Amino acid sequence: MTMQRRSYYLFCGLSIAMRSDGALNQGHASHRFTLRPRKLHVPIICDVLRHTSKRQPMQAALQPDEEAIHSNQSTKVILFLTSFVVVPFLTYVLLNVENDSYQIARQTFNAAMATGFDPTLTSPESPEYIAMSNLYNDSMQSLFVLLLSKRLALYFIATLATLYSGYRAHEGISQIRCGAFTGPGEALDRLNNEILDGEDYLKARSSDENLSTQEYEDRGDDRDIFASMIDQDEESSSNAGKILALSLPLALAASLVASYGIIVAGKHSTALPVADDSIFYDMQVWFSSNFPYLTALPGFILCMLFVSAEFRRVFPNHRSTADDSASTKTPIVSSGNVLALLYVTGAYLAKTYPTISFGDQAATINLDLWPLQNGVNIAITTTVTRALAPILVSSSSKSIRTITLALGGITIFDGVSVFGTVANAEIDASSSQASVMEVVAKSKLALQASTSASPWQPGLLEIIVGHNNNQVAEALGLGDVVFPACLVAWALNADTFDSTTDDGNERLSASMFKYGYTLAATFGYVLASIVMEITGSFSLLGNRGGLPALVFFIPIMLLCVTAVAWRRNELTEVWGDAQEQ
């Protein structure tokens, strides 16, 4: 497998996360909560690697402590169940409860109005008028709670996805800091091998001298391609981060232009005249009806790869032998892969079969499948964040400059694409002032709501209300999770950077909160959600169909982590150049 083919899936995932970056983000409120990260096992790993080199001696030192590296299995299970089961389906259950309350209140009010009540002919002091007023107020109150709950649910899912993605990305950064990985290049190679070959991301590789000729050939010449390009020295790793930081806004712009171009071409395209009785006409009809499903196949494969990586982490099924040089690849037919297949298939079926019913008419149980779509999108954001964060975050210092360069450029792009562009009025007849970003986001939502135009496409965290329904009520682009998650990964690295002393023992932080940067980044994300909702609700930036979410998320999160740096007297460490630390 060539380098281009092995890295194709990661780049496809990045493009999905960068599309529809957040033009539909108006509402009423958001949700605030914090997460207390469990104790990380960085000190244990550092102690094992303290007097070892980065290659073969290190591999031998890691093997005896394999159990220590994977001793947090219970934490993995808890985080996995929270991110892929509890959070998606808990919000779905709570929304259905609120929706049922609203439907009952509305039906009660409509039934009372159907009896012939006329408010113009009834005295406001009469019992009938007062009773009808109470029913109306109950109905409107239930509606307000439902609308508020939808926004809370969306940002609750987005915040948890941001924290989970940042936590997973921090694993690679901590491995680089302790010497288990040679640099961000090897972290990216490991991620590729984990996704495509099912290898354990943290398991030490066997040294080349212990491999047989066939096993060495099976490794392939592209197994360490990114490590050979990026991990030559500390300067090359730093340059790779800066290049990525500068290229991300350009990649986002190219993706947006391509998406908008496809929409324009679709609006103005006309079918070639073909005789109704010709074979070409039959081919044209078949191709036009099946084209959306053909294009959805790569997306399905991409989702399977990313979701499988998360499931295999909790349900490992490696070939186990006593030989240290044995392969760590996961068999294709394994518990993690099978469960991931069922999970992704359910997400795609939710477009055509939104609800599965069990039982008879007397006791029917309805199970909506749309929460699985959010779980798949969380897996995508996690994988993309794990690919970007080790390159953008310096593992050798607390410097935030490189990742700020990337996030600053992306934020400027997000603002310009919403406020600085105006789409062709023929493309979006509903608004003559619609931006290019809004047109792309609305087009994606229209495809999501269509029952027959195309299968489901990943790329948006969604909220859907009501059974047997695939109409998206609220949505948030995956880019609004991926890039804040990279900042969370930096915060975790900064919080654990001074957690070990020279003798390998953990050192207590002098700060009031050991994970102060992580808490600050989380608080900034929640605060930005609230500010954005207030801005959209009162149209403070004009009457628009949506707002650029990153314009709120990134600056507010940076301000919050900077406040913690100032409180800890670490402004120089945080905002200084990584090479100067």
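The values are calculated or read from the model by the stated rules, or taken from the named source; none is laboratory data. Predicted model only: the values in this text are computed from it and were never measured. Quick reminder, even Gly has a Cβ in these numbers, built from the backbone with ideal geometry, and neighbours come from all protein chains shown.
Among the residues of the stretch 161-178, are any modelled with pLDDT of 85 or more, under 23 Å from ALA379 (Cα atoms), assigned to a loop (DSSP other than H, G, I, E, B) and in contact with a Ser or Thr (Cβ under 9 Å, 6 or more places away or on another chain)?
No, the conditions are met nowhere in the stretch 161-178.
Of everything in the stretch 153-190 that's of a type in the set (Asp, Glu) and over 20 Å from the mean Cα position of the chain (by Cα), which residue is nearest to THR91 (Cα to Cα)?
The qualifying residue nearest to THR91 (Cα to Cα) is ASP189.
Could you run through the stretch 358-379 and say how many residues are modelled with pLDDT under 85 and hydrophobic (A, V, I, L, M, F, W, C)?
Final tally of qualifying residues: 4.
Give the residues of the stretch 108-125 that are assigned to a helix (DSSP H, G or I), surrounded by fewer than 18 Cβ atoms within 10 Å (Cβ to Cβ) and either touching a residue at least 12 places away in the same chain (Cβ under 8 Å) or not aliphatic (A, V, I, L, M) (or both), sorted by residue number.
THR108, ASN110, ALA112, MET113, PRO119, THR120
ALA425 versus (1) touching a helix residue (DSSP H, G or I) at 6+ places or on another chain (Cβ under 9 Å); (2) modelled with pLDDT under 95; (3) of a type outside the set (Lys, Arg): which is the lone unmet condition?
Every condition holds for ALA425 apart from (1).
Can you tell me which residues in the stretch 463-475 are at pLDDT 90 or above and within 18 Å of MET532 (Cβ to Cβ)?
Matches in the stretch 463-475: ILE463 only.
Residues are listed down the side, and each one gets a yes or a no for (1) touching a Phe, Trp or Tyr at 6+ places or on another chain (Cβ under 7 Å); (2) surrounded by fewer than 13 Cβ atoms within 10 Å (Cβ to Cβ); (3) touching a residue at least 24 places away in the same chain (Cβ under 8 Å):
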residue	(1), (2), (3)
LEU79	yes, no, yes
PHE84	no, no, yes
SER101	no, no, yes
PRO127	no, yes, no
MET132	yes, no, no
TYR136	yes, no, yes
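For VAL384, are the conditions met, namely being part of a helix (DSSP H, G or I), crowded, with 22+ Cβ neighbours inside 10 Å, at pLDDT below 75 and touching a helix residue (DSSP H, G or I) at 6+ places or on another chain (Cβ under 6 Å)?
In short, no.
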